[in-house]
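**Student:** Just dropping this structure here.
The values are calculated or read from the model by the stated rules, or taken from the named source; none is laboratory data. None of the values given here were measured: they were computed from a predicted structure. For neighbour counting, all protein chains shown are included, and Cβ atoms are generated from backbone atoms with ideal geometry for every residue, glycine included. Heads up: the accessible areas ignore ligands, DNA and RNA and are worked out on the full protein's heavy atoms, side chains in. Shrake-Rupley method; radii C 1.70, N 1.55, O 1.52, S 1.80 Å.
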Amino acid sequence: AQTAARWTSRRPVSRAEAIVDRSAAAAEEAAAAASPTSRRALGFENDDDRVKSALETNVAGADAERPEKTPVSVLAQEAGLVVDASAVSAAGGVYGSGKMSKKGKMSFRVAGAGGLLGCDRDVRSSALPGALQRLDKSNKYPVLFFAPEMKELAHKIAKEDVAGSAVELGDIDWRKFPDGFPDLFVNDAYGVRDRHVAFLASFHSPEVIFEQISIIYSLPKMFVASFTLILPFFPTGTSERVEREGEIATAVTLARILSNIPPSRGGPCSTLIFDIHALQERFYFGDNILPCFESGIPLLLNRLSLCPDADNIVIAYPDEGARKRFHGFFKGMEEVVCTKVRDGGKRLVKLKEGEPAGRHVVIVDDLVQSGGTLIECQKLLAKLGALKVSAYVTHGVFPGNSWERFTSSGAGGQGFSKFFLTDSCPQTAKAVEGIEPFEILSLSRPIAEALHV
């Protein structure tokens, strides 16, 4: 009997029993309040006075005391948000979920209201505060996100006016956790919905590829209309073939990584690459990506047309491969072709065809590393009577600041009249800016035109 009594005292009261108990207590209080004696004790002569006083008390205390449960619509309005009434109605007049985040912020969720906004609320994009609506939904021109190294080129692209419109720049927080791994956040996740989106990448170093790939794989999943990857320089392009067993063609590896970019609502990812080392590398990409191969040569042609001696310019190639790659751009222009031959343990540059004497010779190639071949070509052409020798490369890689060889204080490269290159490699473009004989031909215009929808 004692055990039964203890269990009875510990047994939790059911919800139904609690409601009955509260209802009975409320009925007793109501009966007591309704008695004439109770009304007179409180100073009410009749029921009308009691009701009037209750209304005045409720109005006066509305701001001082809030019910335990407040509709989401009320909380949202107080926070400066506009919540669609139909969404609240569809949610059955739901109230705050009462769920606390790790940061101590209350999270309210409205049925049918979309994805997570920051880490606080879920609302429709049309209900976002002005600061989060900065991307124009009616603009069909792409939103351009960019790697930190590409900030300068991205701002140049944004200034380009194509058919009366220009790109809008997106914002990404590039941070790192204490262990060195990337801590990334796309600030315009809501604003890019239903927009064409592009990302300007720079794979200039293996250390930065992982964090940029993380962004590239995430943007297409943000309900964007289409996604375009702009990779001006495909860095592993020179490792495109295997000549002996055991070599790894890393160009294939990078192409496979890019081929796995998730599709957007508009379909597979489009990828814009300038002057890839070998055009057959297009076949390294899978069917889930649409590679578009552009060239910086039109920029060079425009620049050469402004030279005082434009009629005396002849195009030169450092080897037969460069001639096959770029010959089609210079139809109607005289050309000089050099070739590399072995003399014992040395590789020498010799003239294969063409006449450089008395001409302004411009050597054209897709990229430059140390610059040794270009320097040997310049010496040969000058020896054969060229009046001036200039050079153009789309990608100035220049590892270890090897560009210094081509300055007036450098060792061996000071014979160049001009050295044209694009800003596809941002570190080089920044380092050589304003230093003779270098001149930057920006890719901003062709990229802006390619992004025009």
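**Student:** Name the single residue, out of those in region 340-366 being aliphatic (A, V, I, L, M) and buried (at least 21 other Cβ atoms within 10 Å of the Cβ), that is farthest from residue 277 (Cα to Cα). Break it down into steps so the answer makes sense when it comes.
**Tutor:** Narrowing region 340-366 to residues aliphatic (A, V, I, L, M): 341, 348-349, 351, 357, 361-364.
Pick out the ones that are also buried (at least 21 other Cβ atoms within 10 Å of the Cβ) and you get 349, 361-364.
Details: 349: 21, 361: 22, 362: 19, 363: 16, 364: 13 Å.
Of everything passing the filter in region 340-366, 361 is farthest from residue 277 (Cα to Cα).
**Student:** Let me ask something additional. When region 418-436 is examined, which residues are found to be under 19 Å from residue 315 (Cβ atoms), open to solvent by less than 10 Å² (accessible area, probe 1.4 Å) and either β-branched (Val, Ile, Thr) or in a loop (DSSP other than H, G, I, E, B) (or both)?
**Tutor:** 422, the sole residue that qualifies.
So that you can scan it fast, the table gives a plain yes or no per residue for (1) buried (at least 16 other Cβ atoms within 10 Å of the Cβ); (2) within 30 Å of residue 377 (Cα to Cα):
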position: 209; (1), (2): yes, no
position: 261; (1), (2): yes, no
position: 268; (1), (2): yes, no
position: 273; (1), (2): yes, yes
position: 287; (1), (2): no, no
position: 303; (1), (2): yes, yes
position: 323; (1), (2): yes, yes
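**Student:** I would also like to ask the following. Every residue in region 368-394 that is surrounded by fewer than 21 Cβ atoms within 10 Å (Cβ to Cβ) and assigned to a strand (DSSP E or B), please.
**Tutor:** If the condition is that a residue be surrounded by fewer than 21 Cβ atoms within 10 Å (Cβ to Cβ) and assigned to a strand (DSSP E or B), then 388 is the only one that fits.
**Student:** Here is a further query. Could you list, in sequence order, the residues of region 341-367 that are under 25 Å from residue 309 (Cα atoms) and not in a strand (DSSP E or B)?
**Tutor:** Within region 341-367, 354, 355, 356, 357, 358, 359 meet the criteria.
**Student:** Okay, moving on. Considering only region 197-207, state which residues are at pLDDT 95 or above and either outside any loop (DSSP other than H, G, I, E, B) or open to solvent by 40 Å² or more (accessible area, probe 1.4 Å) (or both).
**Tutor:** 197, 198, 199, 200
**Student:** So, in region 217-250, how many residues would count as being open to solvent by less than 60 Å² (accessible area, probe 1.4 Å) and out of contact with any strand residue (DSSP E or B) (no Cβ under 9 Å at 6 or more places or on another chain)?
**Tutor:** 5
**Student:** Residues in region 165-186 that are of a type outside the set (Val, Ile, Thr), within 17 Å of residue 144 (Cα to Cα) and either open to solvent by 40 Å² or more (accessible area, probe 1.4 Å) or part of a loop (DSSP other than H, G, I, E, B) (or both): how many? Walk me through how you get there before you give the answer.
**Tutor:** To start, the set of residues in region 165-186 that are of a type outside the set (Val, Ile, Thr) comprises 165-166, 168-171, 173-185.
Checking the rest, the ones that are also within 17 Å of residue 144 (Cα to Cα) come to 165-166, 168-171, 173-174, 184-185.
Those left that are additionally either open to solvent by 40 Å² or more (accessible area, probe 1.4 Å) or part of a loop (DSSP other than H, G, I, E, B) (or both): 166, 170-171, 173-174, 184-185.
Within region 165-186, residues that are of a type outside the set (Val, Ile, Thr), within 17 Å of residue 144 (Cα to Cα) and either open to solvent by 40 Å² or more (accessible area, probe 1.4 Å) or part of a loop (DSSP other than H, G, I, E, B) (or both) number 7.
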